[in-house]
Amino acid sequence: MTRVSRVGGPVAGLRLAGRHVGLRVGVRPAVAGTGLLAALAAMVVVALGTGDYAVPPWDVVRSLTGHGTAVTDYVVRTLRLPRVSMALVVGASLGISGAIFQSVARNPLGSPDLVGFETGAATGALLQILVLGGGPAAVALSAVGGGFGTALAVYALAYRRGVHGYRLILVGLAVAAALSSVNSYLIVKASLQEAQAAAVWMTGSLNGRGWEQLGPTAAAAAVLVPAALWLSPHLRAMELGDPAAKALGVPVERSRLLLVLVAVMLAAVATAAAGPISFVALAAPQLARRVTRTAGVALVPAGLMGALLLLASDYGAQRVLAPIQLPVGIMTGAIGGLYLMWLLVHEWRSARA
């Protein structure tokens, strides 16, 4: 059912498993979300139509709707669509994961690539590549296991009658530093050929991604993203502070643990699919908040922004030095470094104001 509140715009209500969940939708966030969706659709058409064989935008749309020619269908749907789809799924997963971490930590620097979870996923993958010699499926599973195990370790080390954001970030940074040393050791001790393969994976890339890699990644995201949205009312309540959330009937520690696990799994699945892609999870939630001008968590805009950032970065990585194709991790690292510098300066000025 739907009702209209006196303050704050429309409120959509739905009942799931006997539980009423309210979702407040303001005019500005709705308009901003629609704008992000339109920008993402335009970027998809541009990415699908650009390459050695250029396809006009209208022909891209005709091909996607099943009315294209044999040539355009092959170029658009067989050669390019799997990579674009992977960028959308991985980017959205990282954006939502980063939004959850930043909300739980109550810190704009709370991100899975800064607090060790993506580093742990990389450790799991490197152990499989350099020590156990597993195939792509084993590497992906090891990456997910490494990220999950790192999250449990960080959460356990940060737990002191509850988990506070600053402690979670500090422990995560320490674990990330330790795991980075392990990763460097594994690469140094490997043979030249194995080290090259590991270095390519560690950069983060969407090169060569096809439907066989997209299927498991999309299936995992199809489970984890609804779980994150289901838990988002608890996340909004916890942003008011633990005492206020408990007063509203939110089981704070259980909800925080579940949210962290969902966010870790999203980041680990994204890392398993494309390698450790930096800064998307850090920048997407903050950019989404500035676009929607919301003070609280915005998971859907963060997911859209993450998908847009990664797809645009991958497009730039393919076109900046064409015909040389850079790994997308190089492009996101360059953009993210500039963003991080701006964020630190902004936070410093806010603290002095």
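The values are calculated or read from the model by the stated rules, or taken from the named source; none is laboratory data. These numbers come from a predicted model, not from an experiment. Glycine gets a Cβ as well: all are built from the backbone with ideal geometry, and neighbour counts include every protein chain shown. Protein only, heavy atoms only, side chains kept; ligands, DNA and RNA dropped before computing areas. Shrake-Rupley method; radii C 1.70, N 1.55, O 1.52, S 1.80 Å.
If I ask for residues that are under 19 Å from ALA121 (Cα atoms) and surrounded by fewer than 14 Cβ atoms within 10 Å (Cβ to Cβ), which ones from segment 198-216 would you list?
ALA199
What is the one condition in (1) open to solvent by 30 Å² or more (accessible area, probe 1.4 Å); (2) under 18 Å from ALA218 (Cα atoms) that THR65 does not satisfy?
Tallying (1) open to solvent by 30 Å² or more (accessible area, probe 1.4 Å); (2) under 18 Å from ALA218 (Cα atoms), THR65 fails exactly one: (2).
Which ones in segment 245-265 are without any contact (Cβ under 8 Å) to a residue 40 or more places away in the chain and either open to solvent by less than 20 Å² (accessible area, probe 1.4 Å) or in contact with a Phe, Trp or Tyr (Cβ under 6 Å, 6 or more places away or on another chain) (or both)?
As a first pass, look at segment 245-265 and keep what is without any contact (Cβ under 8 Å) to a residue 40 or more places away in the chain: 245-251, 254-255, 258.
ALA245, VAL250, SER255, listed by residue number.
Tell me yes or no: at least one residue of segment 35-48 is open to solvent by less than 40 Å² (accessible area, probe 1.4 Å) and free of Cβ contacts under 8 Å to residues at least 24 places away in the same chain.
yes
Could you pull out every one of the helices (runs of 4 or more DSSP H) wholly within segment 78-191 that has 3 or more residues that are surrounded by fewer than 21 Cβ atoms within 10 Å (Cβ to Cβ) and touching a strand residue (DSSP E or B) at 6+ places or on another chain (Cβ under 9 Å)?
Correct list: empty, since no element meets the threshold.
Please go through segment 59-102 and give me each residue that is in contact (Cβ under 8 Å) with a residue 40 or more places away in the chain and aromatic (Phe, Trp, Tyr), ordered by number.
Correct list: PHE101 only.
Filter segment 275-307 down to residues that are among the β-branched types (Val, Ile, Thr) and open to solvent by less than 20 Å² (accessible area, probe 1.4 Å) and give me whichever is nearest to LEU37 (Cα to Cα).
Only one residue tops the list, namely THR292.
From the list LEU309, LEU258, LEU326, which one is at pLDDT 80 or above and under 14 Å from the mean Cα position of the chain (by Cα)? Don't jump to the end; show me each part of the working.
Details: LEU258 fails: under 14 Å from the mean Cα position of the chain (by Cα); LEU326 fails: under 14 Å from the mean Cα position of the chain (by Cα).
Being at pLDDT 80 or above and under 14 Å from the mean Cα position of the chain (by Cα) holds for just one of LEU309, LEU258, LEU326, which is LEU309.
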